[in-house]
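Read the structure below first, then the notes.
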Amino acid sequence: MSTQTLNPVAYGELLARVQPHPIKDDREYDRLVTEVGRLVERGERNLSMEETSLLEMLSILIEDYDRKHYPLPPSQPHKLLAFLLEQRGLEPHDLWSVLGSKSRVSEILNGKRAISKSHAKKLAAFFRVPVDLML
């Protein structure tokens, strides 16, 4: 198995063309998102190692800007639970064995009962998601 390394000349030329740096405004954000779009459009298999590295760097810069300027409001755990059920094609009865009873599942999904730490752990394991999403 060989470890490939970036070609410093090709990578330098790519960086000189794109000039990535921390994003300070929406104009720069839009420019880098457009660049990401160009790379993604070509397909992962068609990118050079240098382009793949640039794509990763741009994604980090964009994600950082998004997190600072467009934070997502905290979701309510019971709404997230309902969303996970829907996305996975499951029904509330699929959680009866996880949470212990039909009434407990109903109370949680209707927002009448908070998800306890022990239930959060069980739900996180069931859905294979981080525990903190359920709290």
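For the reader, a short list of remarks on this structure follows.
- In the elastic network of the chain, a GNM with C-alpha springs shorter than 10 Å, the most mobile of Leu90, Leu58, Leu72 is Leu90.
- C-alpha long axis of helix 77-87 to longest principal axis of the chain, angle in °: 70
- Pair Arg45, Glu63: separation of 7 Å Cα→Cβ label points (nm): 2.5
- Highest average packing first - 104-117, 18-31, Cβ atoms within 10 Å: 104-117, 18-31
- Ignoring lysines fewer than eight residues from Lys79 along the same chain, the ones with Cα atoms less than 27 angstrom from its Cα are Lys68, Lys102, Lys112, Lys117, Lys121, Lys122.
- Over 13 Å [Cα-Cα, region 8-69], rounded percent: 60
- With the convex hull of its Cα atoms as the shape, the chain has an orientation-averaged projected area of 12.3 nm².
- Cα long-axis angle, helix 26-42 against the chain (0 to 90 degrees, to the nearest 10): 90
- On the beta carbon distance between His21 and Gln87, with R0 = 22 Å, the FRET formula returns roughly 0.05.
- FRET efficiency, Ser75 to Val36 (Cβ-Cβ, R0 25 Å, nearest 0.05): 0.45
All of the numbers you see were taken from the coordinates with simple rules; none came from a lab. Everything quoted here is computed from the prediction, not taken from an experiment. Positions of Cβ are generated from backbone atoms using ideal geometry, with glycine treated the same way; all protein chains shown enter the neighbour counts.
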